1. Grab the DSSP H runs of the chain that are 4 residues or longer, score each as -39,500 (n - 2.57), total them, divide by all residues and round the 222 nm result to the nearest 500 deg cm²/dmol.
2. Once you sort the root eigenvalues of the Cα gyration tensor of the stretch 20-61 as a ≥ b ≥ c, which label holds: rounded (a/c under 1.5), prolate (a/b larger than b/c) or oblate (the other case)?
3. THR93 accessible area, nearest 10 Å², 1.4 Å probe?
4. Report the one residue of PRO141, HIS69, GLY342 whose Cα lies farthest in the direction of the positive end of the charge dipole of the chain (charges on C-beta: Lys and Arg +1, Asp and Glu -1; origin at the Cα centre).
5. Order HIS353, HIS276, HIS69, most accessible first, counting only protein heavy atoms with a 1.4 angstrom probe.
6. May I ask for the Rg/Rh ratio of the stretch 1-154, computed from Cα atoms with Rh as the Kirkwood radius, given to two decimals?
7. For TRP298, what accessible area in Å² do you get when you roll a 1.4 Å probe over the heavy atoms of the protein chains, rounding to the nearest 10?
8. Output ³J(HN,Hα) for the stretch 29-45: one whole-Hz value per residue in order, computed from phi by the Karplus curve 6.51 cos²θ - 1.76 cosθ + 1.60 with θ = phi - 60°, and x for Gly and Pro.
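The values are calculated or read from the model by the stated rules, or taken from the named source; none is laboratory data. Fair warning: this is a prediction, and the values are worked out from it, not measured in the lab. Cβ: placed from backbone, ideal geometry, glycine included. Neighbour counts: every protein chain shown. Quick note on the areas: whole protein, heavy atoms, side chains included, nothing else; ligands and nucleic acids left out. Shrake-Rupley method; radii C 1.70, N 1.55, O 1.52, S 1.80 Å.
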Amino acid sequence: MTMPNTFTTGLAPGALPLLGHARQLRRQPLPFLESLPGVGDLAEIRLGRERVYVPCHPELVRQVLTDDHTFDRGGALQDHFVELFGECVATATYRGHRRQRRLIQPAFCHDRLEGYAPVVEAEVAALPDSWREGQTFDLFPVLYTLTLRSVIRMLFSDRVDEATMDEVRRLFLAMTGGAAPRQGVARLIRGTGPTEGRRRRAAHQLRGVVDRIVADYRRAGETGKDMLSALLTAREENGGRLDDTEVRNQAIIMLAAGSHSPATVLTSVFYLLAEHGGAEHRLHREVDAVLGGRPARWTDLPDLAFTGRVITETLRLYAPAWTIFRKTTKEVRLAGRDLPAGTTVLVVPLIPHRRGDLFDCPREFTPDRWRPECDTVTQRGAFKAFGGGARKCVGDVLGMAELKLVVATIASRWRLECLPDARVRPHAGAVAPPPRYLPVRLVERRP
């Protein structure tokens, strides 16, 4: 994509007094967001009475995501997440984030990832074995349970008994409302009422349980291969380390990031495969050739190339980080417009992902656009499913590996047929856009 000499700006039409563009975001969020590039490279929208700026050109998106000193975390949603999760790598502002990022990075190095592999493989392999021919269920809750169990075991390995793991799982689900990505942004911002009271109580209890686990690890010595051991042993060059409260907060946000985002993507993957028989057939051919009916293993990942392209294309169409809020810390010029300190900037990865001048036939599900010979610098530059800059998802490699293991293992044994009453339009104001309700019927297949 050619860099413009000057960027364009404009106000999105249709704002109502007091409400702004809330009605469009509630009723038809994707069409509204997809229309914003027609307003300008930097589109102004209104959330209530607040002016919010949405970068639609990939260069402006890059500027916002890479300059996190100027475009920092902040706002009502930020305050809510800090209250719920504490200060951690996902909620910390610029100065605190840099230190925390350096200290959690070793938990995601190559050697550590291979150490997590047996845990993920075991959880993934057990799920298809529990299914039966003709069984029907809503797919997202099943996959959410799988990814939550996997991340709990990656965090705590076998050094925590099953009863404690069940308690962590129960409290986490209570804290997030049972299915975190299906909660509307408006409800999270509002932060009032009896539901919020229950969430806060569950969050307080969960912090207590994880604090006890951290204390037990300290007493026993941090020598395991799990994530918690990596957090406890991490050191800066000057000898600094995460204190126990910081370790606890990192563990809890890892539960969130490692459960709802993967489950959201997996639900969308199987929906798209069910709707595109040609891609599903090619995926089955690949997993049959590589796996021969057995569960996928970490060592199989390099051979699951088409599976990886299916996942990447799903991330392009349905990025789990649907909204990334930033607040300017000082006056800054963006797209030729001077934004004062305290201005809200909203990055929506789906906007560049669905631009026709960046991707051919952008609304079509085309995994082969990510073949090495077709994957252009422009496409990669516009692809922001994992964010960008210093705040890019620290677990992106692990997340992609887990997604490939789950998709390949399930596809080697089962076809998932979508039932007619599926509701696939995203929830109004959802944090991430999985299908609302995706009932599936299992059809057993043999390589």
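1. Values: 18 runs with 222 residues, N = 447.
Result for the chain: -15500 deg cm²/dmol, rounded to the nearest 500.
2. Judged from the Cα gyration tensor, the stretch 20-61 comes out oblate (a/c at least 1.5, b/c at or above a/b).
3. Accessible area, nearest 10 Å²: 70 Å².
4. Of the options given, the answer is GLY342.
5. The ordering from most to least exposed comes out as HIS69, HIS276, HIS353.
6. Numbers: Rg = 21.5 Å, Rh = 20.0 Å.
With Rh from the inverse mean 1/r over Cα pairs, Rg/Rh is 1.08.
7. 40 Å²
8. These are the phi-based 3J(HN,Hα) values: x, 5, x, 5, 5, 5, 7, 5, x, x, 7, x, 5, 10, 9, 9, 10 Hz.
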